[in-house]
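Reading through the structure tokens given below for one structure.
The values are calculated or read from the model by the stated rules, or taken from the named source; none is laboratory data. Keep in mind that what you see is a predicted model, and the values were worked out from it rather than measured. Neighbour counts are summed over all protein chains in view; Cβ atoms, including those assigned to glycine, are modelled from backbone coordinates with ideal geometry. SASA here: full protein model, heavy atoms, side chains in, ligands and nucleic acids out. Shrake-Rupley method; radii C 1.70, N 1.55, O 1.52, S 1.80 Å.
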Amino acid sequence: MSLTLRSRKPIENTMPINELELDLLLLSKRHQRRWRMAFRVICFTRALVSMSRKCLQNNNQILLRSLSYVAVDISTSDDHEVPFVGVNEQMLSKMVKEKSFESLSNLGGVNQVAAILESDTKRGISGNEADLGHRINVFGANRYKRPKAKSFISFVFEALKDTTIIILLVCALLSLGFGIKQEGLKEGWFDGGSIIFAVFLVVIVSAVSNFKQSRQFQALADESSDIRVEVVRDGRRQGLSIFDVVVGEIVCLKTGDQIPADGLFLNGHSLKVDESSMTGESDHVEVDEKSPFLLSGTKVTDGYGFMLVTSVGMSTAWGEMMSSISHELNEETPLQARLNKLTSCIGKIGLTVAVLVLAVMLIRYFTGNTRDETGNKEFLGRKTKVDDVMNSVINIIAAAVTIIVVAIPEGLPLAVTLTLAFSMKRMMKEHAMVRKLSACETMGSATTICTDKTGTLTLNQMKVTEFWIGKEAMTGNASSSELAHNLYELLQDAVGLNTIGNVYKSNSESTPEITGSPTEKAILSWAVLDLGMNIDEPKQCCKIINVEAFNSEKKRSGVLVKRIHEKTVHIHWKGAAEMILAMCSHYYVKSGTTRALDGEARKQIEIVIKDMAAKSLRCIAFAHTKVVEADGQVQEKLEETGLTLLGLLGLKDPCRPGVRAAVECCRNAGVNVKMVTGDNVHTARAIAIECGILNPDVGLNNDDAVIEGVQFRSLSAEERVAKIESIRVMARSSPLDKLLMVQSLKQKGHVVAVTGDGTNDAPALKAADIGLSMGIQGTEVAKESSDIVIMDDNFTSVVTVLRWGRCVYNNIQKFLQFQLTVNVAALVINFVAAVSSGKVPLTAVQLLWVNLIMDTLGALALATEQPTNDLMSKPPVGRSEPLITKLMWRNLIPQAIYQVTILLTLQFKGRSIFGVNESVKDTMIFNTFVLCQIFNEFNARKLEKKNIFKGIHKNKLFLAIIGITIVLQLIMVEFLKKFADTERLNWGQWAACIGIAAMSWPIGFLFKCIPVSGTQLLFKQIAT
């Protein structure tokens, strides 16, 4: 007889599960565990008995006397592998994806699903490692499979697809074949083999660079997808990564959040979700008990609530969709597009020169005007072997094709990619995560930054510093004993019910953990710590009927509640002080009585609000009213008039350290800073003065500098454009006002950067040239609408982005100047030499080495320069300004002329000057040409400054590349004679080459003394 146990797969029920049936299922599950335990014990004891018998039979030894009993601990670690009774992964996934009410009803509703998943709707899951591991084993982790990234080999093949590379390889293979046929394998492989090796070296270096950048961009994409989620575990709210969310989790949702997984609505108010990312429908879907299904990847557009997670990762439609999306870098930035056009233009010039060189060299060869190393004519008509003719023609074609390779500045797109990747990596370390590549370079052209106040210019660490009841200020250490009992209870209800924050205490003596927005946290801290309020008490005594969530336009939130066993309905409002005051007709005094809010009293309270605002305080007011239900009708509308003012709070949010210096830095860089805030005009003006955005002598009557959103909104489009330049501060603004400001600035020709953190900021972030969202307080909707995420919500980091944006453009210009110098010199020297002598002084291998220096290594050296303070003393770079400026032409032309002059002199007079043969002369030309590029690389570091060595010790990569280039050049000349077609040089010849190349430094210094224009001087005068 054998006993076997097997787990039965849950089957979808056709009848709803009631509470009794659920209890029976859970009881059955416990019984199953007990039977497994009993089975293990029986098996274990039978095994012991069997072993004892075998021991006695085989050894015939007397067993030692043992203890009267032995306690055996049976491990039950695999109990956690038991699936949840009544549900499985596929069932829950299908239910939410299809929004199947039938399946939900069969399971007994949302609360029953929570019970089946062993999750408390109030306290959440336990969160211990064993429980989390069990849930991941049964339902999977909240991660999706990523498409396989491109391998290194694919980048190699991409590099080999280049037309010029293919032509070179064909020529090299032909040259290799003819060489081996003529001279044998031992000597004949050098010419063709050298070109093949050089080509593959260029290809490998390019592939390695592109592969590394691809991996870096992939890592940044992974970083941007790691979202913070607020969940309830063991009764405590806590933040964790979206990847750590498991099935059964209770997730807190608020406006702007991304739904982290598929799930069911538990409770909440006014919750609306944008499902366009999944369904394509733009209408916002209302989620409540009647429609409880929530899809992963969708966004909360309004309200707040709690959800029960039912499916994660690949079990969700979002996971399936994301697993098919590749995060490769296919975006072409505007600068890359402009450089590609420039590359095409230069390539055409190079192609023309190459065709001319090819034609001239072929004509000279077939007319007998070329000679070999011994001085004999190379072509002797029919006397010349066909193999010799083919070999010579192939070498001529290879030389012409190599000129094209050198002429086409392939390093320009590479330099852009390198500098963008480098800047993105460094910006990440400096708290700025780039989501859109083009924003890096566009930020360098920014002329105006429209910034929020709270959390960006300020620390977002609010604290209640003033408390007023009516016209009377309460002392700083005001306690509940100073307030009438009825007033204290009303304030407790106002704070505890009209909030999305939370207070958690593990026990009565522990320090409370307060969560929520900075404003909510400040108010809750004041209520709990200063007034000793129990915030949970009102929630137990009252039933919430209706909620109006905080609205950035109305600047207030309200709640309609009914006390248990009472017919009276209470309405509480909280929000901007002057707006709440306008809704009130009475006010409370400290004794708990109410007084009429007549004209004089209203004026006095308005002065209190104004005085608090002048101290840079955010003013929050509480108001209350009650309505008696008539004839059993349920009151659902929140009254907005005839309220009674409960009290006023003044919240201090200090400015961030260094923000004034950052604003001054922007002003010196020619970038205007405008503050856009929801606070009243007095608070906004005080903060703007403190941050240096506004001069203290600018009065409130100056409509041009300080304006309210409603005033700006009421202006015509023409009036807004006319006034926009002079506006410095916009108070009581709505997201629409911010959008109108961006549009007006862009009409005036400004390049606008905008910061935003709310869901309603999305239109302005998208409309701006550069959208900057906040990483801490910013909603997921705002982040997805932005180009760059400021991880620390700090305005100083915005200035860092501005600095790096300018650095990107500046680095590209440095590399462009360096490469064009090489291009001009290489093209001219080869063309003139080919026309005059029928031979090019630089062979295909040598030109490929030069191409490697100026493309990949040059890009690495110059594209990784870090930003300097000098960049912030220049005006913004206009988007329509030419890539090659007058300044660059001034630096480029003298160097190119010098190199061409020197190389042509060596070409025609080198043998007589140095008394050397043809091979040594060609080697000196090659060596001098390469050394000129090395010295000129130093010149390219500074476009304007004469001191080209300033800060060079900070760029270790630059110094390393220069060192590697010099060592490789030494090896090429001294040890790779046949490969590089060179001759060894003596000390004197090396000194001559270095001395000639070093003249690049004094030439660069002298020509930088020539002023280009008075633009820079004029700008500095304006800035100061």
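Out of curiosity, is Leu862 under 26 Å from the mean Cα position of the chain (by Cα) and open to solvent by less than 10 Å² (accessible area, probe 1.4 Å)?
Criteria met by Leu862.
Given the options Ile897, Ile902, Ile913, name the one that is within 17 Å of Ile994 (Cβ to Cβ) and free of Cβ contacts under 8 Å to residues at least 40 places away in the same chain.
Ile913
Do we find that Leu745 is open to solvent by less than 50 Å² (accessible area, probe 1.4 Å), in contact with an Asp or Glu (Cβ under 9 Å, 6 or more places away or on another chain) and on the phi < 0 side of the Ramachandran plot in this structure?
Yes; evaluated as a whole, the condition is true for this residue.
Going through the range 427-436 one residue at a time, which ones are in a helix (DSSP H, G or I) and open to solvent by 10 Å² or more (accessible area, probe 1.4 Å)?
If the condition is that a residue be in a helix (DSSP H, G or I) and open to solvent by 10 Å² or more (accessible area, probe 1.4 Å), then Met428, Lys429 are the ones that fit.
For the range 634-653, name all the residues that are assigned to a strand (DSSP E or B) and over 39 Å from the mean Cα position of the chain (by Cα).
Going residue by residue through the range 634-653, those that are assigned to a strand (DSSP E or B) are 643-652.
Matches in the range 634-653: Leu643, Thr644, Leu645, Leu646, Gly647, Leu648.
Go through Gly592, Gly599, Gly558 for me and flag whichever is of a type in the set (Gly, Ala, Ser) and on the phi > 0 side of the Ramachandran plot.
Being of a type in the set (Gly, Ala, Ser) and on the phi > 0 side of the Ramachandran plot holds for just one of Gly592, Gly599, Gly558, which is Gly592.
Take the conditions in the same structural domain as Pro260 (by the TED database) and in contact with a strand residue (DSSP E or B) (Cβ under 9 Å, 6 or more places away or on another chain) and apply them to Ser105. Does it pass?
On the way: in the same structural domain as Pro260 (by the TED database): yes; in contact with a strand residue (DSSP E or B) (Cβ under 9 Å, 6 or more places away or on another chain): no.
The answer is no for Ser105.
Using the structure shown, decide if Leu490 is part of a helix (DSSP H, G or I) and open to solvent by 10 Å² or more (accessible area, probe 1.4 Å).
Taking the combined requirement at face value, the residue satisfies it.
Which residue out of Ala407, Ala432, Ala421 is under 28 Å from Ile884 (Cα atoms) and modelled with pLDDT of 75 or more?
Numbers: Ala407 fails: modelled with pLDDT of 75 or more; Ala432 fails: under 28 Å from Ile884 (Cα atoms).
Criteria check complete, one pass: Ala421.
Identify, by number, the condition in (1) of a type in the set (Gly, Ala, Ser); (2) over 29 Å from Ile545 (Cβ atoms); (3) open to solvent by less than 10 Å² (accessible area, probe 1.4 Å) that Gly470 doesn't meet.
For Gly470, the exception is condition (2).
Filter the range 865-874 down to residues that are open to solvent by 40 Å² or more (accessible area, probe 1.4 Å) and closer than 29 Å to Ile934 by Cβ, then give me how many there are.
Of the residues in the range 865-874, 5 are open to solvent by 40 Å² or more (accessible area, probe 1.4 Å) and closer than 29 Å to Ile934 by Cβ.
Looking only at the range 120-176, how many residues end up being more than 22 Å from Val208 (Cα to Cα) and among the aromatic types (Phe, Trp, Tyr)?
Total meeting the criteria: 2.
Please work out which one of (1) surrounded by fewer than 23 Cβ atoms within 10 Å (Cβ to Cβ); (2) touching a residue at least 12 places away in the same chain (Cβ under 8 Å); (3) closer than 30 Å to Pro867 by Cβ is the condition Asn695 fails and give its number.
Single failed check for Asn695: (2).
Any idea which residue in the range 107-155 is least open to solvent (accessible area, probe 1.4 Å), counting only those that are among the polar types (S, T, N, Q) and out of contact with any Leu (no Cβ under 9 Å at 6 or more places or on another chain)?
Asn142
Return yes or no: is Leu648 touching a residue at least 40 places away in the same chain (Cβ under 8 Å) and in contact with a helix residue (DSSP H, G or I) (Cβ under 7 Å, 6 or more places away or on another chain)?
It is true that Leu648 is touching a residue at least 40 places away in the same chain (Cβ under 8 Å) and in contact with a helix residue (DSSP H, G or I) (Cβ under 7 Å, 6 or more places away or on another chain).
I'd like the full set of residues that are open to solvent by 10 Å² or more (accessible area, probe 1.4 Å) and either in a loop (DSSP other than H, G, I, E, B) or of a type outside the set (Ser, Thr, Tyr) (or both), limited to the range 438-451.
Residues satisfying the conditions are Glu441, Thr447.
Considering only the range 891-949, state which residues are open to solvent by less than 10 Å² (accessible area, probe 1.4 Å) and hydroxyl-bearing (Ser, Thr, Tyr).
Thr923, Thr928
Return a yes/no flag: does the range 852-866 have any residue that is at pLDDT below 80, in a helix (DSSP H, G or I) and among the polar types (S, T, N, Q).
Checked the range 852-866: at least one residue is at pLDDT below 80, in a helix (DSSP H, G or I) and among the polar types (S, T, N, Q).
Got a sec? Which strands (runs of 3 or more DSSP E) wholly within the range 537-633 have at least 1 residues that are surrounded by 22 or more Cβ atoms within 10 Å (Cβ to Cβ), over 43 Å from the mean Cα position of the chain (by Cα) and hydroxyl-bearing (Ser, Thr, Tyr)? Walk me through it before giving the result.
On the way: elements: 542-551, 556-563, 568-576, 584-588, 594-596, 617-628.
Result: 584-588.
Just one of the numbered conditions (1) surrounded by 15 or more Cβ atoms within 10 Å (Cβ to Cβ); (2) in contact (Cβ under 8 Å) with a residue 24 or more places away in the chain; (3) among the basic types (Lys, Arg) is not true of Lys977; which one?
(2)
Just one of Glu918, Glu944, Glu937 is modelled with pLDDT of 90 or more and of a type in the set (Asp, Glu); which is it?
On inspection, the qualifying residue turns out to be Glu937.
From the list Val877, Val832, Val828, pick out the single residue that is farther than 29 Å from Asn340 by Cβ, buried (at least 16 other Cβ atoms within 10 Å of the Cβ) and β-branched (Val, Ile, Thr).
One residue alone meets the criteria, Val832.
Of all the helices (runs of 4 or more DSSP H) wholly in the range 109-201, which have at least 3 residues that are modelled with pLDDT under 70?
Output list reads 163-188.
Given the structure, is Thr800 in contact with a strand residue (DSSP E or B) (Cβ under 8 Å, 6 or more places away or on another chain), closer than 30 Å to Leu772 by Cα and among the polar types (S, T, N, Q)?
Details: in contact with a strand residue (DSSP E or B) (Cβ under 8 Å, 6 or more places away or on another chain): yes; closer than 30 Å to Leu772 by Cα: yes; among the polar types (S, T, N, Q): yes.
Yes.
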